[in-house]
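The next block holds one structure in the form of structure tokens; read it before the comments.
The values are calculated or read from the model by the stated rules, or taken from the named source; none is laboratory data. Nothing here was measured: the structure is a model prediction, and the numbers come from that model. Quick reminder, even Gly has a Cβ in these numbers, built from the backbone with ideal geometry, and neighbours come from all protein chains shown. Side chains are part of the model used for accessible areas, which takes the heavy atoms of the whole protein and leaves out ligands, DNA and RNA. Shrake-Rupley method; radii C 1.70, N 1.55, O 1.52, S 1.80 Å.
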Amino acid sequence: LGYWDFVVQRRQQNHNYLREIVKNSQKIFPLHTEHMDLLSSFAIPIVAQSVSDAEKFKSIFLDAGVEIRAMIAGNICNQPFYKKLVYDEFELPNAQLVHTNGFYFGNSPEYNDQELSVLSNAMFKIRD
């Protein structure tokens with residue numbers, strides 16, 4: 001717990017810095033966090049407006065050597081365990097959009113200047 005304040009502060013700084021780069025992008029859904037006093041996320045989410053942009057953005061991050069992952073909050077109806085255990089199908093357009101157009105990359109409090117530069121360069125490439 002001795003490092004708790006440092007971890008929280010750095011994650012918030014990283015998040016604010018990286019999300020500011022894409023704040024006005026028309027190709028990425030905005031994150032509305034104005035109501036939050038503190039945001040110390042373990043990841044930086046990206047949800048593209050279109051599938052083609054999502055694929056392009058993923059390539060940009062992967063080409064930069066950034067590990068990305070599928071959005072955790074995607075459409076649960078698409079998961080194998082769900083299909084095996086639940087027979088009902090539902091139309092979930094918002095969940096499907098996050099599932100197909102969303103991904104995230106880590107937000108480590110230990111990122112150095114070079115690592116933040118790699119991430120910010122990727123963010124600059126996807127904002128336009």
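May I ask for the net charge around ARG10, where only other residues with Cβ less than 15 Å from the Cβ of ARG10 are counted and Lys, Arg are +1 while Asp, Glu are -1?
Numbers: positive: ARG11, ARG19; negative: ASP5, GLU110, ASP113, GLU115.
Computed value for this residue: -2.
What dipole magnitude, in Debye to the nearest 20, does the chain give about its Cα centre under +1 on Lys/Arg Cβ and -1 on Asp/Glu Cβ? Can you show the working numbers first?
Working: 12 positive and 15 negative charges, 36 e Å.
Magnitude of the dipole: close to 180 debye.
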*How many lysine pairs in the chain, separated by 8 or more positions in sequence or lying on different chains, have Cα atoms less than 28 Å apart?*
9
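Where does the charge balance sit around ALA70 when Lys and Arg score +1, Asp and Glu -1, over other residues with C-beta under 14 Å from its C-beta? Let's see the in-between values first.
Numbers: positive: LYS58, ARG69; negative: GLU55, GLU67.
That works out to 0.
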*asked:* Counting heavy atoms of the protein chains only and a 1.4 Å probe, report the per residue accessible area for the range 56-128 as a whole number of Å².
replied: 67
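For the chain, state the semi-axes of the equivalent ellipsoid (square roots of 5 times the eigenvalues of the alpha-carbon gyration tensor), sorted largest first and rounded to whole angstrom. Walk me through the intermediate numbers first.
Details: eigenvalues 150, 69, 41 Å².
Taking √(5λ) for each Cα gyration eigenvalue gives 27, 19, 14 Å.
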*Ignoring ligands, DNA and RNA, what accessible area per residue does the range 1-42 give at 1.4 Å, in Å²?*
78
*Any idea how far apart LEU85 and SER120 come out in nm if each label point goes 7 Å out from Cα toward Cβ?*
4.4
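Per the 1.4 Å probe, what fraction of the accessible area of the chain, in percent, lies on carbon and sulfur atoms? Intermediate results must be reported in sequence, preceding the final value.
Details: 4680 of 8600 Å².
Carbon and sulfur: 54 percent of the exposed surface of the chain.
With a ≥ b ≥ c the root eigenvalues of the C-alpha gyration tensor of the range 1-66, is it rounded (a/c under 1.5), prolate (a/b larger than b/c) or oblate? If you can, show how the numbers build up before the last one.
Values: a/c = 3.09, a/b = 1.66, b/c = 1.86.
Oblate, because a/c is 1.5 or more while a/b does not exceed b/c.
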*Considering the dipole of the chain built from charges on the beta carbon (Lys and Arg +1, Asp and Glu -1) around the Cα centre, which of ILE46, LEU97, LEU119 is farthest to its positive end?*
LEU97
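Given an 8 Å cut-off on Cα distances and at least 6 residues of separation, report the relative contact order of the chain as a percent. Walk me through the numbers before you get to the answer.
Values: 158 pairs, mean separation 49.3, N = 128.
Relative contact order of the chain: 38 percent.
Using a 10 Å Cβ count of at most 15 others and DSSP loop calls, identify the longest part of the chain lacking such chymotrypsin sites (Phe, Trp or Tyr not before Pro). Kindly include the intermediate steps, with their values, before the conclusion.
Values: sites that count: TYR3, PHE42, TYR87, PHE90.
By the stated rule (loop sites, at most 15 other Cβ atoms within 10 Å), 43-86.
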